[in-house]
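The values are calculated or read from the model by the stated rules, or taken from the named source; none is laboratory data. All values derive from a computational prediction rather than experimental measurement. All Cβ positions, glycine included, derive from the backbone under ideal geometry; neighbour counts span all protein chains shown.
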Amino acid sequence: MDNKKIYLWVGIVVVVLAVGLIVWNVGKPPAVPQPATGTQGQNAAAAPSAVVSSPAGVPPSAGTPPKVSRITITSPTAGSQWILGVQNTIQWSQAAGALDGTIVLIDASTGAIAGWIQQHIAPHQATFPWSTGDVFMSLAGGQTKNILPGSYRIMLTFNSPSIPSVTGPTFSIISPAEAQIPTATATIQGAVFSQSSMTIAQGTKLTFVNRDARSYAITISSRAPSFTIGTSSSLTFDTSILPPGEYVFYSTAYPLLRLTVTTK
């Protein structure tokens, strides 16, 4: 074989190899860049591209105070009458969760502060028993003063900027002489009471009316003294000596003469 034929075959082989190499490179998939190694590379790969909100029920931050819906004063109610010297309960719809707060008595006729009933409200507190008689003269406490009968409102203040102060409706504080004492009547006829049970407020004047031609000795299921109702007469019993609870007024001589009284 002469030199020309050798060179021709070598050229053909080179061209075939070159074409094959080009075709093989074109068919390869593009290279995928690998994440950088090391601490910085790991942090960069793990960092999110946007802030993801917290799942439902999980607070966004441990330091975020709980949300409190609007608080309302539920006691005293509008137009109610509280008697001087008698314990009443100031109540609001829910505890504020605030670290501190105050209960203030407002003069409804002038809008001025009449005094401070309580200087500190606990975070989970929603009630406060008040003797309805005196108030502190300043927020710092110390000296107190007696309040006078009149129209007032209760105001709650909280030290949290997210919980606004709230003022209750107008109510009255009256003297014991102005108080209307409730009454109730239980009639005896045919050696039985006209009713077997009743529920009354503590302090109610309970009048027993005897329509029979005989007297009855009445015993109470407590340490209260027994009493006798004369023939065709009446007797009034003051239930203020009975703490809230259930009591039975009965006669040992007449088993059907029995009345259950619940005081509240």
Look at ALA224 and say whether it is surrounded by 14 or more Cβ atoms within 10 Å (Cβ to Cβ), free of Cβ contacts under 8 Å to residues at least 24 places away in the same chain and in a strand (DSSP E or B).
no
For the range 92-117, what are the residues that are closer than 20 Å to ILE174 by Cβ and either touching a Pro at 6+ places or on another chain (Cβ under 8 Å) or not aliphatic (A, V, I, L, M) (or both)?
ASP107, SER109, THR110, GLY115
Checking ALA114 against (1) touching a residue at least 12 places away in the same chain (Cβ under 8 Å); (2) not in a strand (DSSP E or B), only one condition comes out false. Which one?
(2)
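Quick check on my filter: what residues within the range 121-142 are within 17 Å of the chain's Cα centre (by Cα) and either modelled with pLDDT under 90 or not aromatic (Phe, Trp, Tyr) (or both)?
Applying the first criterion (within 17 Å of the chain's Cα centre (by Cα)) to the range 121-142 yields 121-129.
Matches in the range 121-142: ILE121, ALA122, PRO123, HIS124, GLN125, ALA126, THR127, PRO129.
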I'd like to verify a number: residues in the range 164-211 that are modelled with pLDDT of 90 or more, more than 30 Å from TYR250 (Cα to Cα) and surrounded by 14 or more Cβ atoms within 10 Å (Cβ to Cβ), how many?
9
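Just one of ALA253, ALA179 is out of contact with any Lys or Arg (no Cβ under 6 Å at 6 or more places or on another chain) and over 30 Å from ILE121 (Cβ atoms); which is it? Full working, then the answer.
Details: ALA179 fails: over 30 Å from ILE121 (Cβ atoms).
None of the others qualify; the one that does is ALA253.
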Return the pair list, or none, for Cβ contacts closer than 6 Å from residues in the range 68-93 that are outside the structural domain of SER165 (by TED's automatic domain parsing) and surrounded by 11 or more Cβ atoms within 10 Å (Cβ to Cβ) to residues that are in a loop (DSSP other than H, G, I, E, B) and of a type in the set (A, V, I, L, M, F, W, C), at least 6 apart or on different chains.
VAL68/ALA96; VAL68/ILE163
Using the structure shown, decide if SER234 is of a type in the set (Ser, Thr, Tyr) and either touching a Pro at 6+ places or on another chain (Cβ under 7 Å) or surrounded by fewer than 14 Cβ atoms within 10 Å (Cβ to Cβ) (or both).
no
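To keep it simple, each residue is scored yes or no on (1) touching a residue at least 60 places away in the same chain (Cβ under 8 Å); (2) closer than 30 Å to ASN88 by Cα.
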position	(1), (2)
PHE193	yes, no
ASN210	no, no
SER232	no, no
ASP238	no, yes
ILE241	no, yes
PRO244	no, yes
LEU256	yes, no
